[in-house]
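Have a look at the structure below, then the notes.
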Amino acid sequence: MTKKCFWSDPYCTQLMARVADINGAEIQLDATIFFAFSGGQESDHGTIGGLPVIAARKQERGIIYTLPDDHGFYVGQQVLIEVDWVRRYRLMRLHFAAELVLELFYKALNGVDKVGAHIAQNKARIDFAWPQSIAPLLPEITQKANQIIADNVPIHIGYDDEENERRYWEIEGFSRVPCGGTHVRSTGEIGPLRLKRENKAKGKERVEIYLQGE
């Protein structure tokens, strides 16, 4: 099991950790701030021991990092993890923007299903199974999301089951949602957003989420 310090402090950009296991170019650490792709949120970018992380993936409750083949690390070695903070912070903001928009769609469309999601550095997207265009809803959803953002309400994070790493976020009076991503402390950090609708196929609607000015 890897201690996931990106949950306890998602604003931390540097951490000393120990190499717990090595399998060729792949290593595991005893603790990490380096998020691995999960729930549609892309992996962080950064370095471990000064070397670029080529890939990061979850494996049960551990995280596997792929480094250059000639990394030269050994089990027990202390290494410095450094995360690209500019990218991480944008992912945090867009991740919660997507969570907010998704909850507003759930409240507006009874029975709508999310069938996909992706959070990248430049935008987030959510795919829905829905037989009609969601375009008429976008102005209302945008207004409601931006109002919650403007209100700068706190985002509470906790565990439903800490042993099994089942986490949630909650905005009091709005929603409580299972989620294992990285989150900002309050909605105001997101900044105003805009939405764009795409029709991917019959019965499949996509909404793209952009931060202000993009």
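Descriptive notes on the structure:
- In a DSSP loop and with at most 12 other Cβ atoms within 10 Å, the GluC sites (Glu not before Pro) in the range 1-108 are E60.
- Loop-located GluC sites (Glu not before Pro) in the range 132-212 whose Cβ has at most 15 other Cβ within 10 Å (DSSP): E162, E163, E165, E172
- Solvent exposure of the chain amounts to 49 Å² per residue of accessible area, where only protein heavy atoms count and the probe is 1.4 Å.
- Efficiency of FRET between Y11 and A55 - r from beta-carbon atoms, R0 25 angstrom, step 0.05: 0.55
- N152-Y74 pseudo-label distance in nm [points 7 Å out on the Cα-to-Cβ vector]: 5.2 nm
- Springs join every pair of Cα atoms under 10 Å in this Gaussian network model of the chain, and among D69, D21, D151 the largest mean-square fluctuation is at D69.
- Here each label is just a point 7 Å from Cα along the line to Cβ, and for E208 and A129 those points are 2.5 nm apart.
- Cross-link pairs K107/K144; K3/K123; K58/K204; K114/K200; K144/K200 - those with Cα-Cα distance over 18 Å: K3/K123; K58/K204; K144/K200
- Rounded percent of accessible protein surface that carbon and sulfur make up, the chain, 1.4 Å probe: 46 percent
- With each label modelled as a point 7 angstrom along the Cα→C-beta vector, the N199-S186 pair spans 4.2 nm.
- Linear extension gain, N110 paired with E165, 0.36 nm per residue minus alpha-carbon span: 16.9 nm
- Under the Karplus curve 6.51 cos²θ - 1.76 cosθ + 1.60, θ = phi - 60°, whole-Hz ³J(HN,Hα) for the range 20-33, x wherever Gly or Pro sits: 9, 7, 9, 9, x, 7, 9, 10, 10, 10, 6, 8, 7, 10
- Mean separation of Cα contacts under 8 Å (6+ apart) over length of the chain, as relative contact order %: 19 percent
- In this structure, the amide hydrogen of A55, modeled 1.01 Å from its nitrogen in the peptide plane, lies closer than 5 angstrom to those of T66, counting only residues at least 5 positions away or on a different chain.
- Most mobile listed residue (N152, N164, N122) in the chain, GNM with C-alpha springs under 10 Å: N164
- Modelled FRET efficiency - R0 22 Å, T47 with W85, Cβ distances, 0.05 increments: 0.95
- Estimated from helices alone, the mean residue ellipticity of the chain at 222 nm is -6000 deg cm²/dmol (sum of -39500 (n - 2.57) over DSSP H runs with n ≥ 4, per residue).
- Among R194, R185, R166, residue whose mean-square fluctuation peaks in a GNM of the chain (springs only between Cα atoms under 10 Å): R166
- Residue (of A117, C179, P10) at the positive-pole extreme of the chain, dipole from beta-carbon charges: A117
- The long axis of helix 138-150 is offset from the longest Cα principal axis of the chain by roughly 60 degrees.
The values are calculated or read from the model by the stated rules, or taken from the named source; none is laboratory data. Since the model is a prediction, treat every value here as computed from it, not as a measurement. Using ideal geometry, Cβ is built from the backbone for each residue, glycine included, and neighbour counts are taken over all protein chains shown. Side chains included, ligands, DNA and RNA excluded: accessible areas come from the protein's heavy atoms. Shrake-Rupley method; radii C 1.70, N 1.55, O 1.52, S 1.80 Å.
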